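Taking it in order: structure first as structure tokens, then the write-up.
The values are calculated or read from the model by the stated rules, or taken from the named source; none is laboratory data. These numbers were taken from a predicted model, which means no experiment stands behind them. Cβ atoms come from the backbone with ideal geometry, glycine included; neighbour counts cover every protein chain shown. Please note that ligands, DNA and RNA were not included when accessible areas were found on the heavy atoms of the full protein model with its side chains. Shrake-Rupley method; radii C 1.70, N 1.55, O 1.52, S 1.80 Å.
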Amino acid sequence: MTPDEAFQAATDLGGNDVVVKAQVLAGGRGKGYFESGLKGGVKLAFSPTEVRELASQMIGNKLITKQTGAIGRPCNSVLVCERMYSRREYYFAITLDRSYMGPVIIASSEGGVNIEEIAQESPDSIVKQGIDINEGLSKEVAIDVAKRIGFSGACIEDAADTFIKLYNLLIKYDATMLEINPLAEDNTGKVICMDCKINFDDNASYRQKDIHKLRDNTQEDPREVEASKSNLNYIQLDGTIGCLVNGAGLAMSTMDIIKLNKGSPANFLDVGGGATKDQVKEAFKLITSDPNVNAILVNIFGGIMRCDVIAQGIIAAASDLSLKIPIVCRLQGTQVEDAKALIAASDMRIIACNDLDEAAKMVVKLSAIVELAKEAAVDVQFELPL
């Protein structure tokens, strides 16, 4: 998108009273700032010329918000829309909740601010309503929710109809979360969705191809994009110890025990229960592509995932990638003895530990040694081949 296209969009809308919104996948845009110097990712404009000027300061620049961190997110396009005037603002969302065993409505009479702030400051204003996924959202339940969050009498029917349409959208497109903030009523009694966020289930991408084609990889960490291509669950963190684990729960526990021993995890990486040798190798590529990683902890509990497959992947990665950083490996479970034999016969200097706490202490110490060497500008390498 170009500033001239934004100018044309404003002209088509009349151009005298519009809103320009940076299209960046992050919350807190209104309070953010651009590297160009422009403050705020949501701006009012009163002429097409002003829209073009704002767009020129947004497009091609990074927007930094509380959610993006200092690195920011690139703004490749802007949304130019008619400015709406609200009389009252509400919060409305539908998400999936295990405690409700299905969809749940979360709504509040206080919209336009973060739901986390509402929960902390005015918890009584939040309404929760479970939905039977087999029956759907009924008109009676929708009307009840509208009344409970304080919609005026003239708006209740319209609000309930909006709730039902939003629920049907969530189900139709396999969304896991739909948030309208704010959901507003104007002085004519019309209910308006003024801002929206929707998360879609990646597992449903095969039947929601048109939706998932819209995915903008420039808004995501490149490593996370590469991980998804190999069916790996990877999240970049800011620590120095790379983690390779099977199972989300074990991955969280591994990060916790690293923190308990005064270390800092560099990533969340779950290879899942059916990882192959090539996936393990790809996991190592992802971990070592982070220059902050000083050491790697492999923690595998072999159930569905066989330890010998993990061992083959570790050996292949250490050899093919010429890894120079220490690897601490804790393997337990299916085919663990075969895995240990493979590592021992590989002539690779991989430190094996039977106990997780012992492994965590070891990897934290090794990471600290490498970090001290970096700070002292000493070229210390951990050579894996003997």
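Just want to confirm a number: the relative contact order over the range 1-84, from Cα pairs under 8 angstrom separated by 6+ residues, in percent.
Relative contact order, the range 1-84: 41 percent.
Under 5 Å between amide H atoms, partner at least 5 residues away or on a different chain: which partners does THR334 have, H built in plane at 1.01 Å?
Result for THR334 returns GLY302, GLY303, CYS307.
Determine, for each peptide in 259-268, 226-235, 211-220, the mean count of other beta carbons within 10 angstrom over its residues, then list the peptides with the highest first.
259-268, 226-235, 211-220
Which semi-axes, in whole Å and largest first, does the equivalent ellipsoid of the range 297-386 have when worked out from the alpha carbon gyration tensor as the square roots of 5 times its eigenvalues?
Its equivalent ellipsoid spans semi-axes of 25, 15, 9 Å.
Which order, highest average first, do 356-362, 181-187, 247-253 follow once you tally other Cβ atoms within 10 Å for each residue and take the mean per peptide?
Put in order of decreasing packing, that is 181-187, 356-362, 247-253.
At 222 nm, what value in deg cm²/dmol follows for the chain if DSSP H runs of at least 4 each add -39500 (n - 2.57) and the sum is divided by all its residues, to the nearest 500?
Calculated mean residue ellipticity at 222 nm is -11000 deg cm²/dmol.
What does the extension gain come out to for LYS31 and GLU226, with contour length at 0.36 nm per residue minus their alpha carbon separation?
Once the chain is fully extended between LYS31 and GLU226, it gains 67.1 nm.
Could you calculate the contour length gain from GLN219 to ASN261, that is, 0.36 nm times the residue separation minus the distance between their Cα atoms, to one decimal place in nm?
Gain in length upon complete extension: 11.8 nm.
Run down the aspartates and glutamates and flag those whose C-alpha is under 15 Å from the C-alpha of LYS209, throwing out any fewer than 8 positions away in its chain.
Filter leaves ASP174, ASP201.
Per the 1.4 Å probe, what fraction of the accessible area of the range 111-198, in percent, lies on carbon and sulfur atoms?
Its accessible area is 46 percent carbon and sulfur atoms.
If R₀ is 30 angstrom, what is the calculated FRET efficiency for the pair ASN114 and LYS374, using the beta carbon separation as r and rounding to 0.05?
That gives a FRET efficiency of 0.20.
Can you tell me which of GLU140, GLU179, GLU371 moves the most in a GNM of the chain? Springs connect C-alpha atoms under 10 Å apart.
GLU140
How large, in percent, is the carbon and sulfur part of the accessible surface of the range 27-66 at a probe radius of 1.4 Å?
53 percent
Can you tell me, using C-alpha contacts under 8 Å and at least 6 residues apart, the relative contact order of the chain as a whole percent?
Across the chain, relative contact order equals 9 percent.
Explain nothing, just compute: Karplus ³J(HN,Hα) = 6.51 cos²θ - 1.76 cosθ + 1.60, θ = phi - 60°, for every residue of the range 344-359 in order, whole Hz, x for Gly and Pro.
For the range 344-359, the Karplus curve yields 5, 7, 7, 6, 9, 7, 10, 7, 9, 9, 8, 9, 5, 5, 4, 5 Hz.
Quick one: how many Å² of TYR100 are accessible to a 1.4 Å probe, rounded to 10?
For TYR100, the solvent-accessible surface is approximately 90 Å².
For a quick check, take a GNM of the chain with Cα springs below 10 Å and name the residue from ALA368, ALA295, ALA55 with the largest mean-square fluctuation.
The residue that fluctuates most here is ALA368.
Please calculate how many Å² of accessible area the chain carries per residue, with a 1.4 Å probe and no DNA, RNA or ligand atoms counted.
Using a 1.4 Å probe on heavy atoms only, each residue of the chain averages 51 Å².
Carbon and sulfur atoms: what percent of the 1.4 Å accessible area of the range 227-386 do they account for?
Here carbon and sulfur together make up 54 percent of the probe-accessible area.
Once Lys and Arg get +1 and Asp and Glu get -1 on their Cβ, which of CYS75, ASN16, LEU166 lies farthest toward the positive end of the dipole of the chain?
Of the options given, the answer is CYS75.
Given contacts defined as C-alpha pairs under 8 Å and at least six residues apart, what's the relative contact order of the range 265-327, whole-number percent?
Once normalised by length, the contact order is 44 percent.
Excluding residues on the same chain fewer than 8 positions from LYS147, give the lysines whose Cα lies under 16 Å from its Cα.
Counting by Cα, and skipping residues close in sequence, LYS147 has these lysines nearby: LYS128, LYS139, LYS190.
What is the gain in length, in nm to one decimal, between ARG98 and ASP17 on full extension, counting 0.36 nm per residue of separation less the C-alpha to C-alpha distance?
Result for the pair: 24.8 nm of gain on full extension.
For LYS262, which lysines qualify as cross-link partners when the Cα separation must be under 27 Å and same-chain residues fewer than eight apart are set aside?
Candidates past the 8-residue exclusion: LYS66, LYS285, LYS324, LYS361, LYS365, LYS374.
Which of the pairs LYS43/LYS197; LYS62/LYS213; LYS39/LYS259; LYS281/LYS340; LYS39/LYS165 have their Cα atoms more than 26 Å apart in this structure?
Where the Cα-Cα span goes over 26 Å, the pairs concerned are LYS39/LYS259; LYS39/LYS165.
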